[in-house]
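The values are calculated or read from the model by the stated rules, or taken from the named source; none is laboratory data. Bear in mind the structure is a predicted one, so any value in this text is a computation, not a measurement. Here Cβ is always computed from backbone atoms with ideal geometry, including for glycine, and neighbour counts include all displayed protein chains. Keep in mind that these areas ignore ligands, DNA and RNA; they rest on the heavy atoms of the full protein, side chains included. Shrake-Rupley method; radii C 1.70, N 1.55, O 1.52, S 1.80 Å.
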Amino acid sequence: MRRSSTDESTYRRSPSPPGKEPGFAHGGPFFGLHASPGPKAAQARYTSPKGNKYVVFYLDLSFIFLLELKRCSMARGCLQGVKYLMFAFNLLFWLGGCGILGVGIWLAATQGNFATLSSSFPSLSAANLLIVTGTFVMAIGFVGCIGAIKENRCLLLTFFVALLLVFLLEACITILFFAYTDKGAPAVLQIDKYAQQDLKKGLHLYGTPGNVGLTNAWSIIQTDFRCCGVSNYTDWFEVYNATRVPDSCCLEFSESCGLHAPGTWWKAPCYETVKMWLQENLLAVGVFGLCTALVQILGLTFAMTMYCQVVKADTYCA
């Protein structure tokens, strides 16, 4: 017999909640059987592993970022330390150049335009050498200071190259000096002969206008080293055209004592006396040169270290 519509309505199920599907779609029991899960459950089951992978990837990325940040902070700390050390070094370097330049200007103003013992090279005076040296040292120190403060790679490299050229020039001069002196007595005698001739030419400028520097230099040398003339006190006879020497050659200084008898004058030649003094103090000169070289090497080390630190900081922290 056919079931009526009224009977059928009594067996209707109540509507399922939203998002739920009846029967096999929901996976609920039906006649003791379990239905397979629906597509949403399957999607939820397979998306959870992907979420875990995303979390692991995020943690790894955060860890790498923290490591890079720590490395960047360490590089920046090293850069700051080298920066202040190099600034202090170049500040002292610059102040030293200012002092040398000031002494050179003072000598040029007080000792005249020709403050040298050599007549062949009038520009190689003590004042001019100090002025050139002081200006160059000031320029190098200024470039180093600005390069350290600004952390400018171009200025740091310029400072390094300039200081390296000075260091190589000094090394070449030292090597040539020792190599030339080792050639034997003839070469040394040739140099001595040329130097004495040039100094004797400079004696004729003694006491002339505009040569206050040369006059004072010879007076100081003859008084301090107790010598007279280049190779002998007779060198002054050609200058004065008479048997006379400057008053600085006298054993006991007095006015016009150079007109007295030769027994009241110093007999030692100034060239040999000064040469012997330099040989006796060669160790001190060597120590001074070594200290200068160490200071230059220290400046080169600071410059190259800071240059590398700036490059690393720009690479990792850009």
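Tabulated data
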| quantity | calculated |
| --- | --- |
| Segment 203-289: relative contact order as a whole-number percent, Cα under 8 Å and 6+ apart | 28 |
| Added length on full extension, which subtracts the Cα-Cα distance from 0.36 nm per residue, L251 to K275 | 6.5 nm |
| Solvent-accessible ranking of W277, W218, largest area first, probe 1.4 Å | W277, W218 |
| Relative contact order of segment 136-248, pairs being alpha-carbon contacts under 8 Å that are 6 or more residues apart, as % | 13 |
| Built amide H within the under 5 Å cut-off of W265, gap 5+ | L251 |
| R244 - accessible surface, heavy atoms, 1.4 Å probe, Å² rounded to 10 | 90 |
| Two-site label geometry, K201 and E170: point separation in nm, points 7 Å out along Cα→Cβ | 3.1 |
| Portion, in percent, of the accessible area of segment 159-318 that falls on carbon or sulfur, probe 1.4 Å | 68 |
| Pairwise label distance in nanometres, K150 with L283, each label 7 Å out on the Cα-Cβ vector | 4.7 |
| Whole-number accessible area per residue in Å² for segment 246-318, which is evaluated in the context of all protein chains at 1.4 Å | 62 |
| Accessible-area ranking of V311, V212, largest first, probe 1.4 Å | V212, V311 |
| Semi-axes of the equivalent ellipsoid for segment 168-257, Cα gyration tensor, largest first, Å | 32, 15, 13 |
| Segment 252-277 residues near the modelled F237 label - backbone nitrogen below 14 Å, point 7 Å along Cα→Cβ | 261-263 |
| Ratio of the Cα radius of gyration of segment 263-304 to 2.2 N^0.38 Å, where N counts its residues | 2.00 |
| Rounded to the nearest 10 Å², the accessible area of K267 at probe 1.4 Å | 100 |
| Rounded to the nearest 10 Å², the accessible area of I191 at probe 1.4 Å | 80 |
